[in-house]
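A short write-up of the structure that comes next.
The values are calculated or read from the model by the stated rules, or taken from the named source; none is laboratory data. Because the structure is predicted, anything quoted here is derived from the model rather than measured. Positions of Cβ are backbone-derived with ideal geometry, glycine not excepted, and every protein chain shown enters the neighbour counts.
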Amino acid sequence: MKVLVAEDDPNTREGLCEIFNAEGYETHAAADGEQALLLYEQVSPDVVCLDVMMPGASGYDVCREIRKISPGVAILFISAKSEEIDKVLGLELGADDFIVKPFGVKEVIARIRAVTRRLIVERKAKSGEIASGDAGSFMLGDLKVVPDELRAYRGGGAMELSLRDVKILALLHRNRGKAVSRDRFFDECWGFDYLPNSRCLDQHISQLRRRVEVDPRSPELIRTVHGVGYRFE
């Protein structure tokens, strides 16, 4: 999925892009409202994150223009404006959520995942597919992965997953018993234009193991194949 971040503060813009990239989204950045509208036409993002106060065209202006051509795209306002009237205006213009600065990384992740779940359900509903229950789910050992929910389940417990987590687990599942190379992980879970970095993959696998393995120190689901990559037995 693609995310367009429109934010005039470079530090905030870069920080948001890093969060979304780490989650597995293809991220595009704009420094003002006019640039955001141009980029929107070029990349057709699935989610748009708009700062309210931007030079040229405000986030509200950008939201109005986007809604004229794409009523179904998800829009998140991210702004230092915290008055209730500002939130009400944003929601009335068709925004899906309103995040107030300063915000935490976990809050942004939770909100983008919630929006993504809604988009998945809506798109499958439009195509006539079932987007709930066990549809599309798969098992890795005793772990049930439900891509539509960005979640995995073990027993009665649930664990949150990112888009990239789901891609990694699905790739391992499709290649059960086979070693998946590092290059293939990067091509299919990061994208062909990503510059491979073994440390990045290892760090992500380490974090994923902490959530999905019963004992991360002795992994049973995501096993290391030295000199090659990883494997699910």
Exactly one of TYR40, TYR60 is hydroxyl-bearing (Ser, Thr, Tyr), at pLDDT 95 or above and buried (at least 17 other Cβ atoms within 10 Å of the Cβ), and that residue is TYR40
Here the qualifying pairs (Cβ atoms under 7 Å; residues six or more apart or on different chains; first in the stretch 60-71 and at negative phi and β-branched (Val, Ile, Thr); second buried (at least 16 other Cβ atoms within 10 Å of the Cβ) and outside any helix (DSSP H, G or I)) come out as VAL62/ALA6; VAL62/LEU50; ILE66/VAL48; ILE66/VAL73; ILE66/ILE75
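Take VAL88 and tell me if it is surrounded by fewer than 18 Cβ atoms within 10 Å (Cβ to Cβ), over 30 Å from GLU188 (Cβ atoms) and not polar (S, T, N, Q). Before the answer, list the steps.
Details: surrounded by fewer than 18 Cβ atoms within 10 Å (Cβ to Cβ): yes; over 30 Å from GLU188 (Cβ atoms): yes; not polar (S, T, N, Q): yes.
Here the answer is yes, as VAL88 does meet what is asked.
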So, first residue closer than 18 Å to VAL108 by Cβ and assigned by TED's automatic domain parsing to the domain that holds ALA6 in the stretch 18-40, second residue in a strand (DSSP E or B) and charged (D, E, K, R), Cβ within less than 7 Å, six or more apart or across chains; the pairs are TYR25/LYS2; GLU26/LYS2; HIS28/LYS2
Flagged in the stretch 20-34 as outside any loop (DSSP other than H, G, I, E, B) and surrounded by fewer than 19 Cβ atoms within 10 Å (Cβ to Cβ), in numbering order, are ASN21, ALA22, GLU26, GLU34
Are any of the residues in the stretch 105-126 surrounded by fewer than 16 Cβ atoms within 10 Å (Cβ to Cβ), part of a loop (DSSP other than H, G, I, E, B) and not polar (S, T, N, Q)?
no
